[in-house]
Amino acid sequence: MPQHVQGVIAPGRNEPVRGETIVIPDPGPGEAVVKIQACGVCHTDLHYKQGGINDEFPFLLGHEAAGIVESVGEGVTDVAPGDFVILNWRAVCGTCRACLRGRPWYCFDTHNAKQRMTLLDGTELSPALGIGAFAEKTLVASGQCTKVDPAVAPEVAGLLGCGVMAGIGAALNTGNVGRGDTVAVIGCGGVGDAAVVGSRLAGASKIIAVDIDDRKLETAKAMGATHTVNSRSADPVEAIRELTGGFGADVVIEAVGRPETYEQAFYARDLAGTVVLVGVPTPEMKLELPLLDVFGRGGALKSSWYGDCLPSRDFPMLVDLHQQGRIDLAAFVTETIGLGEVEKAFARMHEGDVLRSVVVL
């Protein structure tokens with residue numbers, strides 16, 4: 001029988017979010033209903049609110065979440081009611097050409113729940129990244145549920161569902177940071193700081209954090225950066241080269257998603273070095289680089305979707321590392337809030353002192 005729960009929607013482009021009653025259908029084949037315990041307020045949710053993703057309003061916001069599986073539909077065997085799970089937005093299919101080649105983190109046919117959640121009047125909702133977790137419960141594909149140790153706090157575990165995984169994965173999976181490598185991270189919000197954490201975990205010898213905000217640079221240093229550069233007052237390319245013997249970094253992770261910072265990343269890497277774009281650009285942005293420089297500098301220019309993660313492999317591993325004290329996921333939680341405070345959390349994003357506001361239900 002369908003359930004009525006409270007959730008937060010974005011009704012239209014740049015309109016304030018508001019609470020609504022959400023109708024959650026019973027799970028169909030391959031689906032699960034999850035009772036949400038915590039959900040981070042991610043910048044991607046703000047993109048949805050602003051119409052930067054698409055115009056399929058109204059959106060049921062929230063996607064960086066953890067909770068308890070309440071019920072499952074026909075054919076679901078990977079999770080069961082009572083399991084503590086982190087939600088992910090790239091449930092792999094197992095049958096596409098990437099999956100069949102043994103590269104499921106590149107899956108070309110990821111999927112979501114087939115049924116739609118609605119408002120009381122029947123208006124269909126578009127769940128953010130196929131999740132919609134600013135709600136007491138949500139409906140997802142069972143493959144979007146990754147079972148982890150229930151001993152970890154939900155407000156910490158949920159962060160692996162998007163931003164923290166994106167940053168750590170950009171370093172470990174996409175950038176292949178290795179022991180002794182030099183790394184520069186441009187943009188020190190939540191994703192950039194997670195890239196710092198991932199680089200430290202990989203054994204990087206030098207981790208250079210770059211931002212225009214000294215408060216963010218101090219946070220990056222607390223996360224493991226060995227050096228900081230304020231790019232308002234210093235040329236980041238020259239500063240990174242100076243800190244790396246004049247050569248540039250082995251891996252430069254661009255966590256802003258703008259042409260000018262990508263160009264900085266391109267020229268701040270060593271010859272045969274790697275640039276990883278994990279910051280999300282907007283559709284109208286263009287990049288122009290001399291093709292001879294692209295050829296002559298060699299190396300690799302990569303983009304990192306979701307940190308090239310495989311949730312079934314990476315989420316439990318990172319939870320274990322957190323519980324061992326080897327990474328401090330709790331450091332990313334700046335504040336916990338209620339469902340009614342999401343709009344205020346969006347405003348705080350622009351103040352520069354928040355890594356993550358987390359809705360706790």
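The values are calculated or read from the model by the stated rules, or taken from the named source; none is laboratory data. In this text the structure is predicted, and so the values were computed from the model without any measurement. Counting neighbours? That spans all protein chains shown, and the Cβs are built from the backbone with ideal geometry, glycine included. Keep in mind that these areas ignore ligands, DNA and RNA; they rest on the heavy atoms of the full protein, side chains included. Shrake-Rupley method; radii C 1.70, N 1.55, O 1.52, S 1.80 Å.
Placing unit charges on the Cβ atoms only, positive for Lys and Arg and negative for Asp and Glu, gives region 183-228 a dipole magnitude near 160 debye about its Cα centre. Sorting the segments 254-263, 139-148 by their residues' average number of neighbouring beta-carbon atoms within 10 angstrom, most packed first, yields 139-148, 254-263. What fraction, in whole percent, of alpha-carbon pairs in region 245-306 exceed 13 Å separation? It works out to 59 percent of all Cα pairs. Take the Cα pairs of region 135-205, get the Kirkwood Rh, then feed it into Stokes-Einstein at 10 °C and 1.306 mPa s and tell me D in µm²/s. Estimated diffusion coefficient is 117 µm²/s. Each listed q (0.08, 0.15 Å⁻¹) maps to a log10 I(q)/I(0) for the chain, found by the Debye formula over equal Cα scatterers with no solvent: -0.38, -1.27.
Compared with the direct C-alpha span, the chain from Asp293 to Glu260 gains 10.3 nm at full extension, assuming 0.36 nm per residue. In this simple spin-label model, placing a label point 7 Å from the Cα along the Cα-to-Cβ direction at both Leu301 and His350 gives a separation of 3.2 nm. Using θ = phi - 60° in the Karplus curve 6.51 cos²θ - 1.76 cosθ + 1.60, the 3J(HN,Hα) couplings for region 34-48 round to 10, 7, 7, 9, 7, 8, x, 8, 9, 4, 4, 4, 5, 4, 4 Hz; x is entered for Gly and Pro.
Once the chain from Gln6 to Cys93 is taken as fully extended at 0.36 nm per residue, the excess over their C-alpha distance is 28.3 nm. If you sort the three axes of the alpha carbon gyration tensor as a ≥ b ≥ c, you get a/c of 1.5 or more for region 20-73 and a/b above b/c, which makes it prolate.
Between 0 and 90 degrees, the angle of helix 214-223 with respect to the longest Cα principal axis of the chain falls at about 80 degrees.
The residues of region 247-313 expose, per residue, 52 Å² of accessible area to a 1.4 Å probe. Spin-label pair Tyr106-Ser312: with each label point 7 Å from Cα along the Cα-Cβ axis, the two points sit 1.9 nm from one another. Over all directions, the projected convex hull of the C-alpha atoms in region 167-237 averages 3.9 nm² in area. Estimated from the Cβ-Cβ distance and a Förster radius of 25 angstrom, the FRET efficiency linking Leu120 and Glu70 is about 0.75.
Gain on full extension, evaluated as 0.36 nm per residue between Ala151 and Ala234 minus their Cα-Cα distance, stands at 25.4 nm. Under the convention that each Lys and Arg Cβ holds +1 and each Asp and Glu Cβ holds -1, the size of the dipole of the chain around its Cα centre is about 700 debye.
The portion of the accessible surface of region 1-42 made up by carbon and sulfur, rounded to a whole percent, is 52 (1.4 Å probe; DNA, RNA and ligands excluded). Cross-link partners for Lys35 among the lysines, with Cα-Cα distance under 18 Å and sequence neighbours closer than 8 places in the same chain left out: Lys137, Lys147. A simple packing score, the average count of other Cβ atoms within 10 Å per residue, orders the peptides 280-288, 214-222 as 214-222, 280-288, with the highest score first. Summarised in one figure, the compactness ratio Rg/Rh of region 283-361, Cα atoms and Kirkwood Rh, is 1.13.
Under 5 Å between amide hydrogens, built in the peptide plane, is the criterion, and for Arg269 it picks out Ala249 among residues at least 5 positions away or on other chains. Within straight-line reach of Lys216, meaning a Cα separation under 21 Å, sit the following lysines at least 8 residues removed in sequence or on another chain: Lys206, Lys344. Relative to the longest principal axis of the Cα atoms of the chain, helix 311-323 runs at roughly 70 degrees.
Calculated FRET efficiency, Arg326 and Asn54, Cβ-Cβ r, R0 45 Å, to nearest 0.05? Here the calculated transfer efficiency is 0.70.
Taking a ≥ b ≥ c as the square roots of the Cα gyration tensor eigenvalues, with a/c under 1.5 meaning rounded and otherwise prolate when a/b beats b/c, else oblate, which class fits region 136-255? Prolate is the answer for region 136-255, as a/c is 1.5 or above and a/b outweighs b/c.
If you take the alpha carbon atoms of region 23-164 and fit the smallest convex hull around them, that volume is 110 Å³ per residue. Relative to the longest principal axis of the Cα atoms of the chain, helix 190-202 runs at roughly 70 degrees. Here's the list of aspartates and glutamates a cross-link from Lys49 could span, going by alpha-carbon distance under 13 Å and ignoring same-chain residues fewer than 8 apart: Glu15, Glu343.
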